[in-house]
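Here, each number is a calculation from the coordinates, and none is a lab measurement. Please read all numbers here as calculations on a predicted model, not as lab measurements. Cβ placement follows ideal geometry from the backbone for every residue including glycine, while neighbour counts extend to all protein chains displayed.
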Amino acid sequence: MDLWNFILNSQKRMDILEELSLANPQKSLDIAKKLEMRWQDVSTQLNLFVEKKLAVKDGTQFYLSKQGQVYKSQIKNLQDLENNIIKYSDFIDAHNIEKVPNSFVRDFLTWEENKLSHLTSIDVFPFISKNIKRSKIEHLGIFSRISTDIQDVIKEVDDNVSVRIIYPLEELEKINKSVINNPKYETRFIERKNIYCVMQVCDNNFSWIGFEDQKNEFDYLNIIEGEDKRFVDWSRSNFEYLWTNSKEI
């Protein structure tokens with residue numbers, strides 16, 4: 001916490017840390033010019049960074065240490081989180097976000113670019129269908145109920161596309177056995193109480209995610225979607241977490 005306080009209590013330090021790079025060593029004078037700061041101030045802070053192992057000094061140049069890179073990335077996450085809290089405040093209030101495992105909460109809302117979408121009930125199937133068809137390499141899905149229409153769309157996917165789907169165990173009786181045994185894709189089941197989101201991930205290029213509303217129903221109409229890499233990676237990590245905890249039938 002002392003190191004966090006050292007960084008966060010000074011906008012000047014955060015600006016200097018943002019300017020430092022792992023790959024491109026810079027002189028303190030050059031950094032001072034970029035940030036329009038006094039060279040003496042920048043030089044003093046950089047030497048403190050070196051002392052606290054946030055930066056490395058090589059002759060007259062400074063570059064970011066690996067430890068410094070971790071702090072730099074997390075500060076960026078905190079800034080994105082702060083920006084998005086207001087944007088997503090109504091969404092958070094309307095959904096059971098507290099069910100997201102603690103290991104994933106840290107990066108929730110820290111994505112740079114994504115958007116809230118408000119679908120209508122007649123938009124949901126075309127939206128899901130489009131995402132299945134747009135996948136060329138891999139498609140991941142978590143759905144709260146089994147739909148014959150969605151199963152039919154998945155059957156149309158090319159054989160070279162890897163498809164993995166998770167359903168609630170409570171829906172098992174509704175599924176056609178030919179779906180479970182279909183070699184074109186893998187299906188797993190997990191208890192409904194352990195599913196905290198519904199989603200699709202397409203080729204690591206696009207994802208959307210929805211959460212339970214206050215009535216404990218999965219909300220397919222109000223979702224977060226985007227192509228931001230951190231968001232897609234976050235969605236995929238949540239899928240893999242539930243996939244690991246689900247089982248084949």
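Assorted remarks:
- Each residue, Glu156 and Phe125, gets one label point 7 Å from its Cα in the Cβ direction; the gap between the two is 1.2 nm.
- For the range 2-71, the calculated P(r) over all alpha carbon pairs, in 5 Å bins from 0 to the bin holding the longest distance, is 4, 19, 34, 28, 13, 2 percent.
- Checking the Cα-Cα distances for Lys27/Lys53; Lys27/Lys87; Lys33/Lys76; Lys115/Lys174; Lys99/Lys174 against a 29 Å cut-off, the pairs over it are Lys27/Lys87; Lys115/Lys174.
- Rounded to the nearest 20 debye, dipole of the range 2-71 from Cβ charges on Lys, Arg, Asp, Glu: 100
- Put simply, the C-alpha atoms of the range 96-244 give a gyration tensor, and the ellipsoid matching it has half-axes of 22, 18, 15 Å, longest first.
- Evaluating kT/(6 pi eta Rh) at 25 °C and 0.890 mPa s, with the Kirkwood radius of the chain over Cα pairs in the Stokes-Einstein relation, gives 118 µm² s⁻¹.
- FRET efficiency estimate (nearest 0.05) - Cβ-Cβ, Leu29 to Phe104, R0 51 angstrom: 0.75
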